[in-house]
Amino acid sequence: MKLETNNEIAFIFEKMASIYKYLGADERFRAIAYTRASKVINNLENDISIYFKNGTLEDFPGIGKSIAEKIKEFITTGSIKKYELLKKNTPHELIEMLSISGFGPESLKRIHNELKISTKKELIEALTEGRVEKIKGFGKKKIEGMLRGLKLHKILEERMLLWEANILGKKIIDWLLKKTEILQIELAGSLRRKKETIGDIDILIACNRQNRNKIINHFTDPIIAEQIITKGTTKASIIMKEYHKQIDLRIVDQDEWGAAIIYFTGSKDHNIHLRNIAQKNGLKLSEYGMFNITKNKRIASESEDEIYSKLGLQMIPPEMREDKGELELAAKNRIPNLIKLEDIKGDLQIHSTWSDGASSIEDIVKFIKSNYTYEYIAITDHSKSSRIANGLDEKKILKQIEKIKLINEKLGEDFVKTGIEVDILPNGKSDISDEVLAQLQWVTASIHSGFNKDNTERVIKACRNPFVFCIGHPTGRLIGSREAYKVDMKRIIESAIETNTALEINAQPQRMDLKDEHTKIAQEKGVKLVISSDSHTMQDFDFMGMGVSIARRAWCTSANIINTMKWSEIEEWIKVKRQLKL
């Protein structure tokens, strides 16, 4: 079902929220309202015009009378006058920089007013030319922070988040499969290895030779190709029209598939090491196959399994191919049975309309039951210190506990677990009393403020709370937007072991936190990990796959991940935590 109208309205409301943030504290609640409405609209299952026609727009949480009127205005006229007026009276291009670390609304407002700057380009020029530092209050440290923020943001300008690249790659594959005869097709390169950011997207195809030209022509069709970089008989590269990203296509014969997919998956270091092993065995390995050097005869090529087996190696999953010891393990037949998405039994970080989520608990349960095979979920709305997220205080938490009991009674099973994402205060304590935390089935503790400090002691103190079971997004980074706050991961990991506290792999595409390097260290030390979608909308539940990718790159098995356990097993693990004398 087409949802273009939903996307357009959600985009406008997101921009209006940014403008209201820029306008200052007096417009704070409007900013929150439009942010929430944007999420709700993005989360709708049907085209919003259906709800407009049947008069049910205001039935959705977050869509009051004023916002409903603007939705009706867009559906009937194609625009929203208030948005056009806001754009006219504010430097809206400059306001888009609010998502970049170091560029707060007050800073942008002063730069606009004092230097008459209205675009990102003008601001970058003013920063590099030293004009911004002449404004009172813009010292060397602040300027350095802004420049660091721009450098971070450049990552997202030049590369894609894994989630975005995965969606784009699948779209291209679907486009190719619809009208061409393909024997095999696979995403390759860093996307197949599931790196957290992706440059160009690589696609490998096997087909009969008579079909090559048809595939190449379809791939370079102006319907999807904004620009053709190269076009040959076995390879082509385009800039995709919709996303303005480069896609590289390579075609091989079916009997070359195994060698080709290994070669084009990489990594470069893994492939070099693999070729060295082949040479030591009197063999030559290339993208065309494995050959006996003395006889110049191809002895393997059709499958990856066959190639690795001929070298005396166990098959290595793509996520492990970084030349970080996986080949040595494969030689000993000790490649771990990596965690799979289907091993996940529940999601332990979900936000509802009780805080900043877009859906009610009832709707979340209905959606999960219809689309996933989970045995449990935990509702972990924000706590009271997260004011911008409409965080819950003790009274509201107790009310939510009763609400969840009623929902489970109607379900006839204890499916929804009571929980909270509690804020870790600057002193390391939780912003919710232990008395209330003790009544919850799952508690994740996270930092949402004080990013410029060393937060090691803060996290360690949270670990020592017997009612905190998991540390959420432990480094606080946002890829391309915010650096990780300073934290000694070695000490955090030691504390997690000592206190029987889990660390979260937050699967939100911009977080991916813990990242794969930290996750690998944690699993090697025996720390329990939780993979969470951190869902705020229905679409977010699919992020779980991104978290599993991080775990696989860190060589995790299901035994390393708490939410592969049955809930009764998790309860036993929690008991150990609560009984520790910390």
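Do we find that residue 552 is in a helix (DSSP H, G or I) and modelled with pLDDT under 95 in this structure? Write out each step before concluding.
Values: in a helix (DSSP H, G or I): yes; modelled with pLDDT under 95: no.
In short, no.
Given the structure, is residue 443 within 15 Å of residue 502 (Cβ to Cβ), in contact with a Gly (Cβ under 7 Å, 6 or more places away or on another chain), hydrophobic (A, V, I, L, M, F, W, C) and touching a residue at least 12 places away in the same chain (Cβ under 8 Å)?
yes
Conditions: (1) surrounded by 14 or more Cβ atoms within 10 Å (Cβ to Cβ); (2) free of Cβ contacts under 8 Å to residues at least 40 places away in the same chain; (3) on the phi > 0 side of the Ramachandran plot; (4) not hydroxyl-bearing (Ser, Thr, Tyr). Residue 135 meets all but one. Number of the miss?
(3)
Taking only region 331-365 into account, find how many residues are in a helix (DSSP H, G or I), under 23 Å from residue 192 (Cα atoms) and either open to solvent by 60 Å² or more (accessible area, probe 1.4 Å) or among the polar types (S, T, N, Q) (or both). Give the derivation first.
Narrowing region 331-365 to residues in a helix (DSSP H, G or I): 331, 341-343, 361-365.
Then keep just the ones that are under 23 Å from residue 192 (Cα atoms); that gives 331, 341-343.
Checking which are either open to solvent by 60 Å² or more (accessible area, probe 1.4 Å) or among the polar types (S, T, N, Q) (or both) leaves us with 331, 341-342.
Total meeting the criteria: 3.
What pairs can you find where one residue is in region 369-384 and within 13 Å of residue 407 (Cβ to Cβ) and open to solvent by 10 Å² or more (accessible area, probe 1.4 Å), the other is modelled with pLDDT of 95 or more and not aromatic (Phe, Trp, Tyr), and their Cβ atoms are less than 9 Å apart, with a gap of 6+ or different chains?
369/411
Could you list all residues from region 77-98 that are at pLDDT 90 or above, part of a helix (DSSP H, G or I) and among the β-branched types (Val, Ile, Thr)?
Answer for region 77-98, where residues must be at pLDDT 90 or above, part of a helix (DSSP H, G or I) and among the β-branched types (Val, Ile, Thr): just 77.
Return a yes/no flag: does region 154-168 have any residue that is in a helix (DSSP H, G or I), at pLDDT below 90, of a type in the set (Val, Ile, Thr) and surrounded by fewer than 13 Cβ atoms within 10 Å (Cβ to Cβ).
No, region 154-168 contains no residue that is in a helix (DSSP H, G or I), at pLDDT below 90, of a type in the set (Val, Ile, Thr) and surrounded by fewer than 13 Cβ atoms within 10 Å (Cβ to Cβ).
Can you pull out the residues in region 35-60 that are in contact with a helix residue (DSSP H, G or I) (Cβ under 7 Å, 6 or more places away or on another chain) and within 12 Å of residue 358 (Cα to Cα)? Reasoning before the result, please.
Of all residues in region 35-60, those in contact with a helix residue (DSSP H, G or I) (Cβ under 7 Å, 6 or more places away or on another chain) come to 35, 37-38, 41-44, 47-49, 51-52, 57-58, 60.
35, 37, 38, 41, 42, 43, 44, 60 - these are the residues of region 35-60 that are in contact with a helix residue (DSSP H, G or I) (Cβ under 7 Å, 6 or more places away or on another chain) and within 12 Å of residue 358 (Cα to Cα).
Can you name the residue in region 519-531 that is more than 14 Å from residue 507 (Cα to Cα) and not polar (S, T, N, Q) and, of all such residues, is surrounded by the fewest Cβ atoms within 10 Å (Cβ to Cβ)?
Among those residues, the one meeting the criterion is 526.
Quick check on region 450-486: of everything there that is of a type in the set (Lys, Arg) and touching a residue at least 60 places away in the same chain (Cβ under 8 Å), which residue is least open to solvent (accessible area, probe 1.4 Å)?
482
Which condition number does residue 549 fail, the rest of (1) of a type in the set (Ser, Thr, Tyr); (2) surrounded by fewer than 23 Cβ atoms within 10 Å (Cβ to Cβ); (3) out of contact with any strand residue (DSSP E or B) (no Cβ under 9 Å at 6 or more places or on another chain) being met?
All conditions pass for residue 549, except number (2).
Step by step: first the residues of region 172-193, then only those that are free of Cβ contacts under 8 Å to residues at least 40 places away in the same chain and open to solvent by 70 Å² or more (accessible area, probe 1.4 Å), then the one that is farthest from residue 478 (Cα to Cα). Which residue is that?
Among those that are free of Cβ contacts under 8 Å to residues at least 40 places away in the same chain and open to solvent by 70 Å² or more (accessible area, probe 1.4 Å), it is 181.
So which residues in region 301-330 are assigned to a helix (DSSP H, G or I) and more than 23 Å from residue 195 (Cβ to Cβ), if there are any at all?
Listed by number, the residues that qualify are 305, 306, 309, 310.
When you scan region 225-261, how many residues do you find that are under 24 Å from residue 302 (Cα atoms), without any contact (Cβ under 8 Å) to a residue 24 or more places away in the chain and of a type outside the set (Ser, Thr, Tyr)?
Counting residues in region 225-261 that are under 24 Å from residue 302 (Cα atoms), without any contact (Cβ under 8 Å) to a residue 24 or more places away in the chain and of a type outside the set (Ser, Thr, Tyr) gives 3.
Can you list the strands (runs of 3 or more DSSP E) found entirely within region 176-239 that contain at least 2 residues being at positive phi?
Those strands (runs of 3 or more DSSP E) do not exist here; none qualify.
Collect the residues in region 487-518 that are assigned to a loop (DSSP other than H, G, I, E, B), open to solvent by less than 30 Å² (accessible area, probe 1.4 Å) and in contact (Cβ under 8 Å) with a residue 60 or more places away in the chain, keeping them in residue-number order.
Within region 487-518, 501, 509, 512 meet the criteria.
Quick one: how many residues across region 58-69 are surrounded by fewer than 21 Cβ atoms within 10 Å (Cβ to Cβ), part of a helix (DSSP H, G or I), of a type outside the set (Gly, Ala, Ser) and within 32 Å of the chain's Cα centre (by Cα)?
Qualifying residue count for the region: 2.
Looking at residue 196, is it at pLDDT 95 or above and open to solvent by 30 Å² or more (accessible area, probe 1.4 Å)?
Judged against the criteria, residue 196 is a match.
The values are calculated or read from the model by the stated rules, or taken from the named source; none is laboratory data. Remember, it's a predicted structure, so these values are computed and weren't measured experimentally. FYI the Cβ positions are ideal-geometry reconstructions off the backbone, even for glycines, and counts take in every protein chain you see. With ligands, DNA and RNA removed, areas are computed over all heavy atoms of the protein, side chains included. Shrake-Rupley method; radii C 1.70, N 1.55, O 1.52, S 1.80 Å.
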